[in-house]
Amino acid sequence: MLLYAYQLVLDAGFRKAMKNATAWAEMVYANEYFVKILGKVQLCAKPYNPTFAVEKKVEKKAAPV
């Protein structure tokens, strides 16, 4: 459950505050069976910051009647 969080969002600053959880996760991710299935896990260096495209609304002027 935490794999994607550790890969995409939880940067070094957050992991430093959560030492026990990070130690557990690193132990699990280093397990040979885990590595065989998912490969070597690289922890997040810079958190993912999604940007969303915002559509600009163009106002149409009513034609003169």
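FYI, it's all coordinate maths here, none of it is from the lab. Since we're looking at a predicted model, the values are computed, not measured. Don't worry about glycine lacking a Cβ; one is built from the backbone with ideal geometry, like all the others, and counts go over all protein chains shown.
Each residue of region 16-24 is assigned a 3J(HN,Hα), and the resulting list reads 5, 6, 10, 4, 5, 5, 5, 4, 4 Hz, derived from the Karplus form 6.51 cos²θ - 1.76 cosθ + 1.60 (θ = phi - 60°), x at Gly and Pro. In loop segments of the chain as defined by DSSP, the GluC sites (Glu not before Pro) with at most 15 further C-beta atoms inside 10 Å of their C-beta are Glu55, Glu59. The loop-placed chymotrypsin sites (Phe, Trp or Tyr not before Pro) in the chain, going by DSSP, that have at most 15 neighbouring Cβ atoms within 10 Å of their Cβ come out as Tyr48, Phe52. By definition, a body whose alpha carbon gyration tensor gives a ≥ b ≥ c is prolate when a/c is 1.5 or more and a/b is larger than b/c, and the chain fits this prolate description. Residues considered: Val41, Val54, Val28. Largest GNM mean-square fluctuation over the chain, using C-alpha springs under 10 Å, is found at Val54. Excluding same-chain pairs closer than 8 in sequence, count the lysine pairs in the chain whose Cα atoms lie under 29 Å apart. Lysine pair count for the chain: 7. Mean separation of Cα pairs under 8 Å and 6 or more residues apart, divided by the residue count, gives the chain a relative contact order of 43 percent.
Per-residue 3J(HN,Hα) values for region 38-46, derived from phi via the Karplus relation 6.51 cos²θ - 1.76 cosθ + 1.60 with θ = phi - 60°, read 9, x, 6, 8, 9, 6, 5, 9, 10 Hz in sequence order (x marks Gly and Pro).
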